[in-house]
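To start, the structure under review is shown below, and the notes come after it.
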Amino acid sequence: MDSQPDLLIARLQEGSEVAFNRIYERYHEALYGIIFSVVQQEDVAQEILQDVFIKIWNNASKYDKTSGRFFTWILNIARNAAIDYLRSKRHKNSLKNSSADNFVDIIEDSMDLEGKTDAIFIKQWVQKLEPMCIKIIDIIFFKGFTFNDGAKELDMPSGTLKTRHRKCLNNLREMMLN
């Protein structure tokens with residue numbers, strides 16, 4: 001493992017603004033991609049991205065490298081922030097103000113796994129997964145379903161979905177490393 005990112009993360013945890021700026025430069029495009037893939041609005045995605053980096057700065061001391069990779073940690077912060085926005089009153093009120101024509105676009109966009117995976121540069125790997133893995137990743141990761149709701153949607157027990165989700169992510173991780 002490259003010690004450079006570890007040093008950068010350690011400096012971030014010490015409160016280094018220079019380290020924070022380098023982390024921003026390194027990760028902002030990937031985080032924006034995942035946020036945009038969930039919210040599908042550029043201005044909202046930019047706003048959420050700013051909030052995500054504030055959370056990273058404020059919570060850097062909570063990151064523990066023994067619990068997982070730094071990129072996974074910040075990716076989850078970004079994904080959760082985007083999903084929180086979709087569940088927020090602000091988003092629901094903005095939908096009430098949308099015309100009926102926009103709803104067709106929103107529904108079509110929310111079903112567009114290919115476009116979403118393009119946005120975060122993993123399309124080439126996701127396409128190689130088995131169809132059930134593609135469905136599981138779409139429902140849990142991109143649509144933001146809880147495991148309970150996803151299990152109902154896929155008509156399987158929640159525990160089975162969790163196990164398959166873990167297996168699918170491991171398969172994806174293996175493909176990306178090879």
(message) Out of everything in the range 123-148 that is crowded, with 16+ Cβ neighbours inside 10 Å and not in a helix (DSSP H, G or I), what residue ends up being modelled with the highest pLDDT?
(response) 129
(request) Enumerate the pairs (first residue in the range 1-28 and open to solvent by less than 100 Å² (accessible area, probe 1.4 Å) and at pLDDT 90 or above; second residue anywhere and not in a helix (DSSP H, G or I) and not small (Gly, Ala, Ser)) with beta-carbon separation below 9 Å, excluding pairs fewer than 6 apart on the same chain, so at least 6 apart or on different chains. (result) 9/63; 12/63; 13/63
(message) Going by what's in this entry, would residue 90 be described as at pLDDT below 90, in a helix (DSSP H, G or I) and open to solvent by 40 Å² or more (accessible area, probe 1.4 Å)?
(response) yes
(message) Testing residue 54 on (1) within 17 Å of residue 12 (Cβ to Cβ); (2) of a type in the set (A, V, I, L, M); (3) surrounded by 19 or more Cβ atoms within 10 Å (Cβ to Cβ), one condition comes back false. Which one is that?
(response) (3)
(message) Every residue in the range 149-178 that is hydrophobic (A, V, I, L, M, F, W, C) and open to solvent by less than 70 Å² (accessible area, probe 1.4 Å), please.
(response) 151, 154, 156, 161, 168, 169, 172, 175
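The values are calculated or read from the model by the stated rules, or taken from the named source; none is laboratory data. All figures in this text were calculated on a predicted structure; none of them were measured in a lab. Counting neighbours? That spans all protein chains shown, and the Cβs are built from the backbone with ideal geometry, glycine included. We work out accessible area using only protein heavy atoms, side chains counted, and drop any ligands, DNA or RNA first. Shrake-Rupley method; radii C 1.70, N 1.55, O 1.52, S 1.80 Å.
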